[in-house]
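> Encoded as structure tokens, here's the structure I'll be asking about.
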Amino acid sequence: MAKKRLEFYFEDRTGLNEKKLRKMFKDLYLFTANYLGLEGRYTLSCTVTDDSEIKRINNSYRHIDKPTDVVSFAYQDLGENIESPIKDLGEIVISIDTAQKQAKEFNHLLAREMAFLFIHGFLHLNGYDHIDEKEAEKMFELQNAVLNSFDASYSYPVLKEDVYYNFEDKEFMESLFKDVLEAQKHAYVPYSNFRVGAVVLARNGKKYFGCNIENSSYPLANCGERTAMFKAAYDGIIKNKVALLALVTDSPEELYASPCGACRQVMSELLTKTTPVVMFSKNGSFKINTVEELLPYMFTGENL
Ligand code: THU
């Protein structure tokens with residue numbers, strides 16, 4: 001049997017979702033190693049843990065008495081495995097708590113933040129550093145390049161990514177409301193003067209802004225929701241890759257935005273039955289229904 005070129009040891013000490021996290025980090029490992037053009041055989045360990053453990057690790061090995069987002073240990077530095085045909089890259093330890101805080105701060109998904117931290121740690125293990133400015137520039141540039149091309153992987157259903165579209169989270173809802181208002185500003189509505197703003201939030205953290213775009217031949221108007229969904233679909237963001245669709249309209253204060261029938265049909269195609277649709281009123285209050293609730297007994301490809 002052929003020996004594995006890239007060995008990977010993974011441990012989830014958070015109890016979050018060992019299987020899903022392992023898959024994401026393993027893919028990231030293979031992707032990053034290939035991106036850097038690593039040749040030969042390597043082994044790497046990666047652990048996801050919490051703030052209290054990473055604080056202990058920082059205390060023991062780095063004389064730092066606080067949690068950090070990621071710690072990496074390059075075993076090569078210790079002169080180990082010099083003769084070994086398998087190079088041990090070392091270990092990357094990520095704190096889920098700090099990752100979560102940072103994801104929230106930057107308003108992106110946990111999966112994206114963890115991918116970022118992994119790549120950062122991985123580059124350290126490959127000799128990159130950010131002590132002097134020049135080095136740092138090189139490292140961060142590469143880090144972003146890897147992260148951006150790893151794009152597809154944000155769709156990994158890492159359990160806690162749902163935290164970042166937690167409807168109980170006031171801050172999150174406020175920022176979502178801001179986004180739909182921003183989208184609404186772009187409406188092209190010379191005929192109705194009724195502005196609609198919509199946002200598709202992808203699970204990978206990307207946002208697709210849409211507005212209604214009218215036409216002198218009235219029925220050709222494209223609704224805000226469809227503009228947002230089509231923009232997302234262009235990037236392959238459909239169905240499970242979509243976290244939610246949100247919208248706001250110019251309806252009177254007390255009314256929540258309500259998508260038209262055509263948009264509901266498009267939702268049935270491009271979202272899933274359970275994708276939440278957040279319907280804002282002008283004053284920022286909202287109502288949330290799933291696609292299926294908005295379009296019961298829907299006609300889909302399954303009916304054909
Ligand atoms: N419109 C939307 O953009 N979304 C809806 O869900 C309802 C209607 C637009 C279409 C048209 O530009 C204007 O609102 C008035 O119908």
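Values quoted throughout were computed directly from the atomic coordinates according to the rules given, and no laboratory measurement underlies them. Predicted model, so just to flag it, every value in this text is computed and none were measured. Cβ: placed from backbone, ideal geometry, glycine included. Neighbour counts: every protein chain shown.
> What FRET efficiency, computed as 1/(1 + (r/R0)^6) with R0 = 30 Å and r the Cβ-Cβ distance, is obtained for residue 107 and residue 255, rounded to the nearest 0.05?
The formula returns an efficiency of 0.60 here.
> Suppose every K and R has +1 on its Cβ and every D and E has -1 on its Cβ; what is the size of the dipole of the range 252-292 about the Cα centre, in Debye to the nearest 20?
60 debye
> So, one more: R0 = 45 Å: FRET efficiency of residue 182 with residue 130, Cβ-based, nearest 0.05?
So, using R0 = 45 Å, E works out to roughly 0.85.
> If you average 1/r over all unlike Cα pairs in the chain and invert the result, what Kirkwood radius do you get in angstrom?
Over the chain, the inverse of the mean reciprocal pair distance is 21.5 Å.
> Explain nothing, just the number: dipole magnitude of the chain about its Cα centre with +1 on each Lys and Arg Cβ and -1 on each Asp and Glu Cβ, in debye rounded to the nearest 20.
760 debye
> Please identify the GluC sites (Glu not before Pro) of the range 159-255 that satisfy two criteria: DSSP loop assignment and at most 10 other Cβ atoms within 10 Å. Which are they?
168, 253, 254
> Quick check on the chain: helices-only [θ] at 222 nm, where DSSP H runs of length 4 and up contribute -39,500 (n - 2.57) each and the sum goes over total residues. Nearest 500, please.
One gets -11500 deg cm²/dmol as the mean residue ellipticity at 222 nm.
> Lys/Arg Cβ at +1, Asp/Glu Cβ at -1, dipole of the range 192-304 taken about the Cα centre: which of 242, 212, 280 is farthest positive-ward?
Sorting the options by dipole projection puts first 242.
> How large is the translational diffusion coefficient of the range 1-52 in µm² per second when you combine the Kirkwood radius over alpha carbon pairs with Stokes-Einstein at 37 °C and 0.692 mPa s?
The calculation lands on 273 µm²/s.
> Looking at the chain only, what percent of DSSP beta bridges run antiparallel? Nearest 5 please.
50 percent
> Looking at the square roots a ≥ b ≥ c of the eigenvalues of the Cα gyration tensor of the range 194-304, which shape do they give, rounded for a/c under 1.5, prolate if a/b is larger than b/c, or oblate?
rounded
> Set the Förster distance to 51 Å, then compute FRET efficiency between residue 273 and residue 140 from the Cβ-Cβ distance, nearest 0.05.
Using R0 = 51 Å, I get an efficiency of 0.80.
> Ok, one more. Hey, what angle do you get for helix 51-62 against the long axis of the chain, alpha-carbon based, 0 to 90 degrees rounded to 10?
Roughly 30 degrees, rounded to the nearest 10.
> Binning every alpha carbon pair distance of the range 222-287 at 5 Å from zero, what are the percents per bin?
All Cα pairs considered, the percentages come to 4, 19, 28, 24, 15, 8, 2, 0.
> Given 303, 60, 173, which one lies farthest toward the positive end of the charge dipole of the chain, if we put +1 on the Cβ of every Lys and Arg and -1 on the Cβ of every Asp and Glu?
The residue sitting most towards the positive pole is 303.
> Can I ask one more? Under the √(5λ) rule applied to the eigenvalues of the Cα gyration tensor, what semi-axes describe the equivalent ellipsoid of the range 179-256? Give them in Å, descending.
One finds semi-axes of 22, 15, 9 Å for the range 179-256.
> Follow-up. For the cross-link pairs 20/231; 138/206; 23/241, which exceed 20 Å when the distance is taken from alpha carbon to alpha carbon?
From 20/231; 138/206; 23/241, over 20 Å: 20/231; 138/206.
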